[in-house]
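Chemist: Handing you a structure now.
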Amino acid sequence: MKYYDQHTHSAFSEDSNEDLRNYYLCAIRDGVDYVCTCEHFDFETIMGKTWSADFDSAIKYREELKKEFPNITPLLGVELGYKPTAYKVITDLACRYPFDIIQLSIHDNNIIDYYFPEQFGDYYETLNGYFDLMLDGVTNFDNYDVLSHLDYGFKTCLFINKNLKLSEFEGKIKKILEVIIKKGKALEVNSKVQNKIYEITNNYDNLEYLLKLYKSMGGEKITLSSDAHEVKFYRSNFSLYMDIIKKNGFNKLSYYIKRKEYFYDID
């Protein structure tokens, strides 16, 4: 099998207009056996509303697509945005549907949306708070499989200071990695975030630093995802990032079906 893209978004997510069917066409094109979207659930965003996918309709549409694409196995995922005020609702949602994979993400803290550089103020202080919130999430919330885009907020800070290094936050990052390693969770390499970091810095140094640190601490579980919101980014630069992941000591990638972990050998 080819490694499938475990973190994509379709029109069932608030910030995508892509028809889920188009991912099936991409899977056929690339010789992939599975299609998985991880639609957003972000409770009470600072934009004034909860981003909640209609998972009932998403499941129904997957059943319809089975008729047209009988050789593609549909998988259902969710990307849960963590913050303490969301703990109860994401706990309930995680148990409500038959998810194949649950991604845990940090997107906002009720005051700052970490996507927007203009909201950061003192960017160094804000990024420290971002990692503190992430540590709180991985420590206190257990029902997930993958910690998504650890460097999401860091990427935003690079728009403010392109010379910033992920290693400047090593103390906080090590605490986060210690928790996910102990709990048996996977660390995501997110090609959307990495592509943007490369555009800003013209290097992969920060990714390699993170992979080496994770490996040195005993981390073994890595996923690779595109975080595509449009099919043109589906499996974006997977070959490149597999090479970087392998170069830094990892010979396999994790993937999930019905919340069970499987492994893919990197060529």
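The values are calculated or read from the model by the stated rules, or taken from the named source; none is laboratory data. This is a predicted model, so every value here is computed, not measured. A quick note on method: Cβ atoms are made from the backbone with ideal geometry, for glycine too, and the neighbour counts reach across all protein chains shown. Accessible surface is based on the protein model in full, side chains and every heavy atom, while ligands, DNA and RNA are left aside. Shrake-Rupley method; radii C 1.70, N 1.55, O 1.52, S 1.80 Å.
Chemist: How about region 88-138: which of its residues are more than 24 Å from Gln6 (Cα to Cα), more than 19 Å from the chain's Cα centre (by Cα) and of a type in the set (Asp, Glu)?
Modeler: The answer is Glu118, Asp122, Glu125.
Chemist: Continuing with the same structure: Quick one: which of Glu14, Glu39, Glu64 is out of contact with any strand residue (DSSP E or B) (no Cβ under 7 Å at 6 or more places or on another chain) and not aromatic (Phe, Trp, Tyr)?
Modeler: Answer to the check: Glu64.
Chemist: Given the options Gly137, Gly184, name the one that is at pLDDT 95 or above, touching a helix residue (DSSP H, G or I) at 6+ places or on another chain (Cβ under 9 Å) and not charged (D, E, K, R).
Modeler: Matching residue, one of Gly137, Gly184: Gly137.
Chemist: Among the helices (runs of 4 or more DSSP H) lying completely within region 20-98, list those that include at least 3 residues that are open to solvent by less than 60 Å² (accessible area, probe 1.4 Å) and under 17 Å from Glu230 (Cα atoms).
Modeler: Of the helices (runs of 4 or more DSSP H) lying wholly inside region 20-98, those with at least 3 residues that are open to solvent by less than 60 Å² (accessible area, probe 1.4 Å) and under 17 Å from Glu230 (Cα atoms) span 20-30.
Chemist: Tell me, please, whether a residue that is of a type in the set (A, V, I, L, M, F, W, C), farther than 13 Å from Gln103 by Cβ and touching a Leu at 6+ places or on another chain (Cβ under 7 Å) can be found in region 136-154.
Modeler: Yes, region 136-154 has at least one match.
Chemist: Cβ contacts < 7 Å: first residue at pLDDT 95 or above, restricted to region 1-30; second residue open to solvent by 60 Å² or more (accessible area, probe 1.4 Å) and part of a strand (DSSP E or B), any location; separation 6+ or different chain. Result?
Modeler: Pairs that qualify, where the first residue is at pLDDT 95 or above and the partner is open to solvent by 60 Å² or more (accessible area, probe 1.4 Å) and part of a strand (DSSP E or B): there are none.
Chemist: For region 186-202, give me the residue count where each residue is part of a helix (DSSP H, G or I), open to solvent by less than 50 Å² (accessible area, probe 1.4 Å) and closer than 27 Å to Tyr262 by Cβ.
Modeler: 4
Chemist: Restricting to region 113-135, give me the number of residues that are surrounded by 19 or more Cβ atoms within 10 Å (Cβ to Cβ), in a loop (DSSP other than H, G, I, E, B) and hydrophobic (A, V, I, L, M, F, W, C).
Modeler: So the answer is 1.
Chemist: Continuing with the same structure: Which of the residues that make up region 139-154 are more than 14 Å from the chain's Cα centre (by Cα), surrounded by 14 or more Cβ atoms within 10 Å (Cβ to Cβ) and of a type outside the set (Phe, Trp, Tyr)?
Modeler: Thr139, Asn143
Chemist: Find all pairs meeting these conditions: Cβ atoms under 7 angstrom apart; at least six residues apart or on different chains; first residue within region 177-206 and within 18 Å of Lys246 (Cβ to Cβ) and touching a residue at least 12 places away in the same chain (Cβ under 8 Å); second residue open to solvent by 30 Å² or more (accessible area, probe 1.4 Å) and in a helix (DSSP H, G or I).
Modeler: Every condition considered, the pairs that remain are Tyr204/Tyr198.
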